[in-house]
Structure formats: structure tokens, C-alpha cells
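A quick write-up on the structure given underneath.
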Amino acid sequence: ADKLNQEISAILIGNNVAELTSTLIASGADKVFLIDDPVFKHYSTDAYVKVMIDLINEYKPSVVLVGATNNGRDMSARISCRVGTGLTADCTSLEIDEETGLVAWTRPAFGGNIMAVILCPNHRPQMGTVRPSVFKKPEPEHSRKGEVIKIQANVKPEEIRTRFIETIELEDAISCNLEEAEIIVSGGRGMGKKENFKLLEELAKILGASVGASRAAVEDGMIAPIHQVGQTGKTVRPKIYFAFGISGAIQHLIGMSTSDVIIAINKDADAPIFKVANYGIVGDVMQVIPAMIEQFKKFKNIE
Ligand code: FAD
């Protein structure tokens with residue numbers, strides 16, 4: 001927006017969410033469109049898409065960015081289709097193309113083997129999604145001033161075809177809050193079998209970490225898909241990322257290589273993961289993890 005000399009507006013949809021407007025302004029929004037109504041208490045595709053389309057048609061933004069969360073993915077594809085434009089999903093970098101002034105959306109293509117730069121010259125708005133943790137959050141500037149524009153929701157309950165029934169908490173919701181985690185212990189196919197992930201869980205508990213996994217570990221049924229890190233899993237940016245028995249395929253690296261410190265444990269000294277790791281241990285995970293558990297327990301005075 002600064003490069004194009006344009007302003008940034010945030011769209012805040014929910015129920016009793018007005019207090020979040022100041023956070024959005026402190027984080028860079030010049031305007032906040034606030035749509036606060038009980039109809040938005042729980043996410044529904046119909047209601048959120050309707051509001052977004054009404055806003056786009058009225059204000060005609062040049063660019064619309066949506067967070068590639070579960071809900072964001074759900075609605076962004078539908079919105080782009082309804083307004084007749086394209087959508088570049090899961091971008092890893094955003095620039096302004098010097099020649100055309102268009103947004104240059106960058107995302108992995110062909111299984112992560114190339115980074116494609118995509119322009120949307122003929123249709124508006126230009127639309128894309130970015131996963132949580134791909135960019136570093138800006139430090140909030142609480143002195144920033146911005147305008148809050150209240151929008152009356154024009155969604156009738158009968159227009160919503162799905163109904164909220166109940167929330168079911170995931171049993172391991174804490175240990176797989178990967179996008180917010182400061183420490184992640186991740187296991188790959190080298191963990192061998194499902195039971196061995198118990199050791200990773202024990203280590204995670206001691207460190208206050210979340211448990212991640214490679215796609216191979218997920219495909220082998222060692223852990224649930226919600227733990228997967230990488231191109232088709234979550235993008236993470238923890239302070240410390242432990243990779244146990246993970247080879248370091250490009251599709252995995254895409255999801256974790258911006259972690260502050262990477263510690264890789266692999267029995268193959270030539271594994272590609274060591275190229276991105278800050279620290280490496282060449283060894284068997286089944287020897288290294290119990291040794292780490294013992295040392296961290298001592299360090300933290302845990303019996
Ligand atoms: P492997 O490549 O099999 O590596 C296992 C590693 O463990 C080896 O390096 C081995 O030396 C080591 N090892 C074995 N035994 C031990 C031991 N006892 N102690 C120590 N080390 C040991 N992958 C992802 O992770 N995330 C994604 O989101 C993802 N998306 C993909 C999307 C597409 C379109 C495609 C084509 C692939 C995708 N993949 C993804 C798969 C990816 O290409 C790799 O196949 C996968 O990451 C490999 O997982 P891994 O490293 O656990 O297994």
C-alpha cells in the first residue's frame with residue numbers, strides 16, 4: 001500500500017468484536033470496516049461471503065487479502081468467483097511489480113519445485129491469501145489514528161444454509177497450536193512408528209512445545225493431519241524448531257524454514273535438513289530423544 005500510495009482498510013466481521021478495531025489500527029489499518037452482528041457469532045460461509053461481496057461491490061478495492069485460515073480459505077475462493085476475479089492462494093511473498101504497478105503474488109508451484117509469480121492484470125479486485133505466520137507481525141503502534149466505519153449487515157438468517165450446533169474441543173488442541181507455538185518438536189518418517197511419537201509428546205510437554213510432523217509421518221498414520229507442517233500443512237515460525245527424523249524435502253522446508261533456530265536430528269549426515277539447520281545431531285532419534293528428555297528434566301528440575 002505504501003508503494004502504491006494507497007490506504008489499507010481492515011474488515012472486521014464478528015459478534016461483540018468492536019474492541020479489536022484499535023488493535024487493527026495499531027497494526028497498520030487506516031480504516032476499519034466493522035460488521036458486528038449476532039448473525040456472525042459463528043463462522044458461516046453464506047453470511048461472511050455475502051458481507052464481503054457487498055463491501056467489495058460498494059467500495060471497489062484494488063486488492064483484497066484474506067488470511068489463509070480454514071475459514072479464510074473457505075470464503076476467499078467463493079468470493080473471488082462471485083466477483084469474477086482470480087485468487088492466488090497461499091502466497092509466500094507479496095511485492096509490487098515495478099512495470100505494471102500490479103501486485104506480484106508469489107507462491108510455490110509444481111509441487112514446490114518453482115516459485116511462481118502471478119499477476120492479475122484484467123480483473124478487480126486482485127485477490128490472494130496468505131497463511132498465518134508467513135509474515136512477521138508488525139509491532140503495534142498504539143499512537144496510530146484510524147477511522148472506524150460501522151456497516152449494517154444485510155444478511156437475513158434464512159439466507160444462511162448451515163446451522164451451528166455445538167463446539168467439540170480437540171483433545172490435543174494445545175499441543176497442536178502450531179501457528180502460535182514458540183517451540184515445535186516435529187517428527188518425520190524417521191520416528192519409525194506411531195508409539196514413538198509418545199516420546200515426542202513427552203519432550204513437548206517438558207519444553208512447553210507443540211508437536212509437528214512431516215507429511216510422510218502423517219501418511220504413515222503416525223499422527224493426525226492437523227499436525228502437518230509444510231506446503232500442504234501449516235506454515236510455522238517458532239523460535240525453535242526441532243526436526244526429528246525429517247529429511248528436509250522442499251515441501252517441508254517451505255513451512256518451517258523461517259523458524260529462528262532449527263535443530264535437526266537425523267541418522268544420515270547428508271540429509272538436506274542439515275543445510276537449513278542451525279544445529280545438527282547425527283544420530284538415531286530413539287537414542288537422542290530420551291537423552292534430551294533426561295537432560296531437559298534435569299535442567300528444569302522435573303522428577
Ligand atoms: P523421508 O523423506 O522418508 O525421510 C525420513 C528421514 O528420517 C531420512 O532423512 C532418514 O535419514 C531419517 N531417519 C530414518 N530413521 C531414522 C532414525 N532412527 N533416527 C534419525 N533419523 C532417521 N511434506 C511435508 O512434510 N509437508 C508438506 O506439507 C508436504 N506437502 C507436499 C506437497 C506436494 C505437492 C508433494 C509432492 C509433496 C509434499 N510433501 C510434504 C512430501 C515431501 O515431498 C516429502 O515426501 C516428505 O516431507 C518426507 O517426509 P520425511 O522427511 O518425514 O520422510
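The values are calculated or read from the model by the stated rules, or taken from the named source; none is laboratory data. Here the structure is a predicted model, which is why all the values come from computation and not from measurement. Methodologically, a virtual Cβ is constructed for each residue, glycine included, from the backbone with ideal geometry; neighbour enumeration extends over all protein chains shown. The accessibility values were calculated without ligands, DNA or RNA, using every heavy atom of the protein model including side chains. Shrake-Rupley method; radii C 1.70, N 1.55, O 1.52, S 1.80 Å.
Beta carbons closer than 9 Å, at least 6 apart along the sequence or on distinct chains, pair a first residue in the range 34-55 that is in contact (Cβ under 8 Å) with a residue 40 or more places away in the chain and within 16 Å of ARG161 (Cα to Cα) with a second that is assigned to a loop (DSSP other than H, G, I, E, B) and small (Gly, Ala, Ser) for VAL39/ALA153; PHE40/ALA153; ALA47/ALA153; LYS50/ALA153; VAL51/ALA153.
Has the range 257-274 got at least one residue that is touching a Leu at 6+ places or on another chain (Cβ under 9 Å), of a type outside the set (S, T, N, Q) and at pLDDT below 95? Spell out the reasoning first.
So in the range 257-274, the residues touching a Leu at 6+ places or on another chain (Cβ under 9 Å) come out as 272-273.
This time we only want the ones that are of a type outside the set (S, T, N, Q), so: 272-273.
From what's left, at pLDDT below 95: none.
No, the conditions are met nowhere in the range 257-274.
Look at (1) within 20 Å of the chain's Cα centre (by Cα); (2) open to solvent by 20 Å² or more (accessible area, probe 1.4 Å); (3) within 19 Å of ILE8 (Cα to Cα) and you find that GLY101 fails only one, number (1). Taking the conditions exactly as written (open to solvent by 30 Å² or more (accessible area, probe 1.4 Å) and within 16 Å of the ligand (Cβ to nearest atom)), does ALA89 satisfy them or not? Judged against the criteria, ALA89 is a match. Consider the range 231-269 and keep the residues that are of a type in the set (D, E, K, R) and near the ligand (Cβ under 9 Å from one of its atoms). The one that is most open to solvent (accessible area, probe 1.4 Å) is LYS267. Scanning the range 225-257 for residues that are in contact (Cβ under 8 Å) with a residue 60 or more places away in the chain and of a type in the set (Val, Ile, Thr) yields THR235, VAL236, ILE246, ILE250, ILE254. Reported count of residues in the range 196-217, each being surrounded by fewer than 22 Cβ atoms within 10 Å (Cβ to Cβ) and more than 16 Å from the ligand (Cβ to nearest atom), is 6.
Name the single residue, out of those in the range 249-276 being outside any helix (DSSP H, G or I), of a type in the set (A, V, I, L, M) and out of contact with any Phe, Trp or Tyr (no Cβ under 9 Å at 6 or more places or on another chain), that is nearest to PRO132 (Cα to Cα). This residue is ALA249. When every residue of the range 49-69 is checked against the conditions, at least one turns out to be modelled with pLDDT under 95, open to solvent by less than 30 Å² (accessible area, probe 1.4 Å) and under 20 Å from VAL130 (Cβ atoms). Looking across the range 105-119 at every residue that is open to solvent by 20 Å² or more (accessible area, probe 1.4 Å) and touching a residue at least 24 places away in the same chain (Cβ under 8 Å), the one that is farthest from the ligand (Cβ to nearest atom) is identified as ILE118.
Pairing residues of the range 181-202 that are touching a residue at least 40 places away in the same chain (Cβ under 8 Å) with residues that are of a type in the set (Ser, Thr, Tyr) and open to solvent by less than 40 Å² (accessible area, probe 1.4 Å), at Cβ distances under 6 Å and at least 6 apart in sequence or on separate chains, gives ALA181/SER210; ILE184/SER210; ILE184/TYR241; GLY188/SER214.
Here LYS137, LYS150, LYS156, LYS193 are screened, and the one residue that is touching a Ser or Thr at 6+ places or on another chain (Cβ under 8 Å) and open to solvent by 100 Å² or more (accessible area, probe 1.4 Å) is LYS137.
If the condition is being in a helix (DSSP H, G or I) and loosely packed, with under 14 Cβ neighbours inside 10 Å, then the range 72-86 contributes only CYS81.
Could you tell me which of the residues GLY101, GLY112 is of a type outside the set (Val, Ile, Thr), more than 24 Å from VAL17 (Cα to Cα) and at pLDDT 90 or above? Steps first, please.
Values: GLY112 fails: at pLDDT 90 or above.
GLY101 is the lone residue from the list that is of a type outside the set (Val, Ile, Thr), more than 24 Å from VAL17 (Cα to Cα) and at pLDDT 90 or above.
If you go through the range 189-214 and keep only what is farther than 18 Å from GLY233 by Cβ, outside any helix (DSSP H, G or I) and touching a helix residue (DSSP H, G or I) at 6+ places or on another chain (Cβ under 9 Å), you end up with just GLY192.
Among the residues making up the range 218-230, those that are open to solvent by 70 Å² or more (accessible area, probe 1.4 Å) and either near the ligand (Cβ under 8 Å from one of its atoms) or of a type in the set (Asp, Glu) (or both) are GLU219, ASP220.
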